[in-house]
1. Quick one: would you say Ala61 is touching a residue at least 60 places away in the same chain (Cβ under 8 Å) and of a type outside the set (D, E, K, R)?
2. Looking at (1) buried (at least 21 other Cβ atoms within 10 Å of the Cβ); (2) at pLDDT 95 or above, can you tell me which one Phe99 breaks?
3. Of all residues in region 150-190, count the ones that are outside any strand (DSSP E or B), modelled with pLDDT of 90 or more and farther than 20 Å from Leu120 by Cα.
4. Enumerate the pairs (first residue in region 85-107 and within 12 Å of Ile29 (Cβ to Cβ); second residue anywhere and of a type in the set (Gly, Ala, Ser) and in a strand (DSSP E or B)) with beta-carbon separation below 6 Å, excluding pairs fewer than 6 apart on the same chain, so at least 6 apart or on different chains.
5. Collect the residues in region 37-88 that are within 25 Å of Leu101 (Cβ to Cβ), among the small types (Gly, Ala, Ser) and not in a strand (DSSP E or B), keeping them in residue-number order.
6. Take the residues in region 133-190 that are charged (D, E, K, R) and surrounded by 12 or more Cβ atoms within 10 Å (Cβ to Cβ); name whichever of them is nearest to the chain's Cα centre (by Cα).
Amino acid sequence: MIYIENKQIINWFTEFPVIETERLVLCHIDVSFVPAVYEIMSNENVVKYYDCFPFTTYAEAETLIQHFENRYINCSGIRWGILLKETGAYIGDIGFNSFQLGGNAVIGYALHEYYWNKGLISEALASVVYFGFTTLQIHRVEAYVSVGNYGSEKVLVKNGFAYEGFLRDVQFFREQYQSLNLFAKINTGV
C-alpha cells in the first residue's frame, strides 16, 4: 500500500496494468523484448536526444529493462512496452520515469523510427497521462525535452502540454552539459 500525505491509501498493482488504445497495447516489458529494445535503442536517430549513446550490446537492453522493472518494484516509476495491436510488434516504450502519487510525474518515451509521424506515440501518451491522472492521482506531468527535439515537442503540445521554460545546462550526458525545455500538463479533472 502507498500513502498520500498519510491520509489516502492506494493499493499498488497486484498485476502489471495493461492499457489498450485503438491501435496499441501497452504492456509489461520483460526480457523477451530484449532484441526489440536493442533495435530501437541502437538507432542514433532514436537516442540522439537521450542521456545515452546508441546501444552496442543486448546486455545494455537487458540493463534498461531491469531499470524499468526496478522502478516498478519500488513504486517509483512505471514504463510500458508499446505493442501494435494488429501484429503484436514491440515498437517502443512509454511511462513515468518517476512519480509521486497525488503529486508530480516525469514522463518519457521512445519509438522505433519506422513508426514516427503516424500518431502512435501521441495515442500512447494520451492514454498514459489519463492513467496517471485517474489511477495514480497524479496532479502534474512534466516532460523534459532536449533542445532541438522538435518532434517530441510537437507530440506534447498536441496532447495539451504547455511550454514552461528553458533549463540551461541542467543535465550532463553525452559527455557535455545539455539544456532542456520543460513542458507540463496539469490534471484539471479528466
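The values are calculated or read from the model by the stated rules, or taken from the named source; none is laboratory data. Just so you know, these numbers come straight off a predicted model, no measurement behind them. Glycine gets a Cβ as well: all are built from the backbone with ideal geometry, and neighbour counts include every protein chain shown.
1. Numbers: touching a residue at least 60 places away in the same chain (Cβ under 8 Å): no; of a type outside the set (D, E, K, R): yes.
In short, no.
2. So the condition that Phe99 fails would be (2).
3. So in region 150-190, the residues outside any strand (DSSP E or B) come out as 150-161, 174-175, 187-190.
Subsequent filtering for residues that are modelled with pLDDT of 90 or more retains 150-161, 187.
With farther than 20 Å from Leu120 by Cα added as a condition, the list becomes 187.
Of the residues in region 150-190, 1 are outside any strand (DSSP E or B), modelled with pLDDT of 90 or more and farther than 20 Å from Leu120 by Cα.
4. Tyr90/Gly81; Gly92/Ala110; Asp93/Gly81; Asp93/Ala110
5. Ser76, Gly77
6. Within region 133-190, the subset charged (D, E, K, R) is 140, 142, 153-154, 158, 164, 168-169, 174-175, 185.
Okay, now just the ones that are also surrounded by 12 or more Cβ atoms within 10 Å (Cβ to Cβ), so 140, 142, 153-154, 158, 164, 174, 185.
On the way: Arg140: 14, Glu142: 11, Glu153: 14, Lys154: 16, Lys158: 16, Glu164: 19, Arg174: 20, Lys185: 14 Å.
The extreme case among them is Glu142.
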